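Encoded as structure tokens, the structure appears first; notes follow it.
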Amino acid sequence: MLLTIEINGQQVSAKRGETILTVLNRIGVKVPTLCFFGSLSPTGSCRMCVVEVEGLTHLVPACSHQVEEWMQIHTHSPRVLKARKALVELLLANHPDDCLYCDRNGSCELQDLSEELQVRERRYPSSHKPVQIDKTCASIQRDPGKCVLCGRCSRVCTEIIGISAIDSVGRGSSTRIGTSYNKGLNYHACVKCGQCIMSCPTAALTERKSLPRVIEALGNPDLYPVVQFSPTVPGAIAEEFGLKSNKDIMNILRSALKKIGFRQSFDVSLASDITIMEEAALFLERWPRKTTLFTSCCPSWVRYIEVFRPEFVEYLSPVKSPQQIMGALIKQYITSSAGIKSEKVFVVSVMPCTSKKTEADVEGNGTRSVDAVITIRELVKLIRLLGIDLNNLEPEPAENAFSISSSSGRLFGVSGGHLEGLMRSIHFLNTGQELNPIKINDLRGLKPKKESRMRINKLPVNVVAVNGLANAIALMDEIAAGRDDIHIVEVMACPGGCINGGGQKIGTDEKMLKSRMKALYDIDEEEIVKVAHKNPTLNELFDKFLSKPNSERNREVLHKDRSKIISE
Amino acid sequence: MEAIFEKYSLKKPESLIPLLQEIQEANGYLTDEIVEKVSVHLNIPTNRIYGVATFYDQFRFKRRGIFHIRVCRGTSCYLCSSSSYLKEIEKLLKVQDGSVTRDKKFSLETVNCMGGCSQSPVIRINDTYYHHLSVSDLGEIIRTLREKSE
């Protein structure tokens, strides 16, 4: 039902049940917000979006107050502006004045607000006390001293991820965002997806930096630094530096990585192709008998199953994540066949992910496959630090065969992509014919849960792709309650998949997600090799280094032993 | 503990607070292990439970002494100088607000109001209320209690 309200003297029609903020956004009136965040439920706790409604004695928060008939709203009256400014000043009174030394200098919402509301002096004396920084976790660092208590991280962690690793602790003026028993993030529960970092307006949550170690390794003449990057990296770099995300960007990125000092660069998609071949073999070995396979490319998802649902560990694909496979390939085969000792090789991976940092630390029996993981944000910082001008770089084509990957492998960057690539190969390996049409539209798009009922040799294969860990938890509850018609489940913990990972650019919105997704699907459209089983490099690898998919040799190199976890 | 869990076998999230209350009643205080067990039982993340338990003053994560002393710091008691009573107790027992003496006999806590404003300042030891005391009475009270416990 439509009703009429008046905003700043202008008559506007609104729907019953809408919040004031929704209407304001629609008609293009911008009010500052802080605790309001995308699809999360509004709490109205920061009061930054307050507006004046005639007839009401107090100011109301636009994000959580619903419109009523004939409301007369003033969004930028002197009273409102004064209140908003005072709010920012009070937040600043509890905030350290160390912007110049801060990780989020230049991308901080508190800075933006204080600039927007023209805070020019400290009217309230500082009551900030230094707080211990939580560095227990290998992926995420918490600095409660910089927290403004907007609660966005805890709502993301509860509503989208479904874990509640961080939440409000205490009451009143002693409230803070904390972990269970204040024991540090690594103590348990956290799956390290990094979505809290993406939602944090300040630097209270940041990734643990691996950049200093990488810079040190780059300057060490005894080491042979190489880099592997996720398929989402070229697009993200293009976006960050204002380049066109076309075929050239991959070669510009390679050129930039070479300039940085990496001796060789590899696209992780090759390892994704191997993952597809392994998982396809594993699946076809059991199918069409009743079987359930959970993909294992997302380390946050793997951690969730290992910690919270050990009863499902047996369903989890034993194949390592592409990052770990690629690291093993580089160290054990690619560089060693070129005569470089594996101890000298320093493998850096660039990921849109914070969870991969922990994964690289935890996996490997004494020998690390990946020596350091940096997020896309860290790579951007490194490029800027070294003064590399991407606009004037000569694109450099890949110099080795290990740079060839199918577009299926690249699709791992988007939710549903892993499954799409996997189904293409499963279909071919089972029937000898390519999937036609090769696109699986059911599995595309940003929907949180995508199901596809396919038929291979007239037998049904039901697959589900889920993104946002909370949705996967709901699916696990369904399976635990007896749902048994699903053959393969693909889960990516971040909403949308790796294109929205915890290591992507801060301030990612839906429009950016759509363009990142489109960029990956465009590659799939243009690429000649669209399926993993047609990747010529795989044949060489299977001949010389590995063996047939799911053979003993492959299990040794590519699989992760999960039996230990079950017994723990 | 199992018996208490059985009572709340429906596992509704709203049973969280009564469940924690009963466990605390039986155990004296809450521990990390208890939070974990409740989390598994009710299927609520541990951090949410910890958030609830730290929100309410009634829940505690520290062992109490045999004699639990509560000093009121509400407005009325504050004006009647309850801070000097607090300081005296801290001095006598060598204990800080929120902790227990080494012999585990006394624990000290400040609370915000016990509803006895006309009797300010109010001090409660276990279930006995003391009011209209002078600071010098405190030594005698504590001595009596200590003897009682031996």
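Looking only at the range A:232-250, which residues are assigned to a loop (DSSP other than H, G, I, E, B), in contact (Cβ under 8 Å) with a residue 12 or more places away in the chain and within 12 Å of residue A:395 (Cβ to Cβ)? Matches in the range A:232-250: A:243, A:247. For the range A:486-527, taking the residues that are β-branched (Val, Ile, Thr) and under 19 Å from residue A:241 (Cβ atoms), the one that is surrounded by the most Cβ atoms within 10 Å (Cβ to Cβ) is identified as A:499. The set of residues from the range A:461-488 being under 18 Å from residue A:163 (Cβ atoms), not charged (D, E, K, R) and not in a loop (DSSP other than H, G, I, E, B) comprises A:466, A:467, A:469, A:470, A:471, A:472, A:473, A:474, A:475, A:476, A:480. Annotation: of all residues in the range A:186-201 being part of a loop (DSSP other than H, G, I, E, B) and surrounded by 24 or more Cβ atoms within 10 Å (Cβ to Cβ), the one that is farthest from the other protein chains (Cβ to nearest Cβ) is A:201. Picking from residues in the range B:51-72 that are among the charged types (D, E, K, R), within 14 Å of chain A (Cβ to nearest Cβ) and surrounded by fewer than 18 Cβ atoms within 10 Å (Cβ to Cβ), the one that is nearest to residue B:116 (Cα to Cα) is B:57. Which one of A:331, A:320, A:341 is farther than 21 Å from residue A:496 by Cα and in contact (Cβ under 8 Å) with a residue 60 or more places away in the chain? Unique residue meeting the criteria: A:320.
What's the number of the only condition in (1) surrounded by 13 or more Cβ atoms within 10 Å (Cβ to Cβ); (2) within 14 Å of chain A (Cβ to nearest Cβ) that residue B:20 fails to meet? Condition not satisfied by residue B:20: (2).
To keep it simple, each residue is scored yes or no on (1) surrounded by fewer than 17 Cβ atoms within 10 Å (Cβ to Cβ); (2) out of contact with any helix residue (DSSP H, G or I) (no Cβ under 9 Å at 6 or more places or on another chain); (3) outside any loop (DSSP other than H, G, I, E, B).
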residue	(1), (2), (3)
A:46	no, no, no
A:56	yes, yes, no
A:69	yes, yes, no
A:79	yes, yes, yes
A:88	no, no, yes
A:91	no, no, yes
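Among the residues of the range B:98-108, not a single one is away from chain A (no Cβ under 14 Å), touching a Gly at 6+ places or on another chain (Cβ under 7 Å), within 30 Å of residue B:13 (Cα to Cα) and surrounded by 16 or more Cβ atoms within 10 Å (Cβ to Cβ).
For the range A:109-118, the condition holds for at least one residue, the condition being that it is among the hydroxyl-bearing types (Ser, Thr, Tyr) and either outside the structural domain of residue A:18 (by TED's automatic domain parsing) or not in a loop (DSSP other than H, G, I, E, B) (or both). Here's a check for you: in the range A:156-173, which residue that is among the polar types (S, T, N, Q) and at the interface with chain B (Cβ under 9 Å from one of its Cβ atoms) is nearest to residue A:362 (Cα to Cα)? This residue is A:164.
For residues that are surrounded by fewer than 24 Cβ atoms within 10 Å (Cβ to Cβ) and not charged (D, E, K, R), tally how many sit in the range A:329-351. So the answer is 11.
Beta carbons closer than 8 Å, at least 6 apart along the sequence or on distinct chains, pair a first residue in the range A:32-48 that is of a type in the set (Lys, Arg) with a second that is in a loop (DSSP other than H, G, I, E, B) for A:47/A:59.
Give, as residue ranges, the helices (runs of 4 or more DSSP H) completely inside the range A:343-443 that count at least 1 residues that are within 30 Å of residue A:288 (Cα to Cα).
Answer list for the range A:343-443: A:407-410, A:417-431.
The values are calculated or read from the model by the stated rules, or taken from the named source; none is laboratory data. Because the structure is predicted, anything quoted here is derived from the model rather than measured. When we count neighbours, we look across all protein chains shown, and the Cβ atoms used for this are built from the backbone with ideal geometry, even at glycine.
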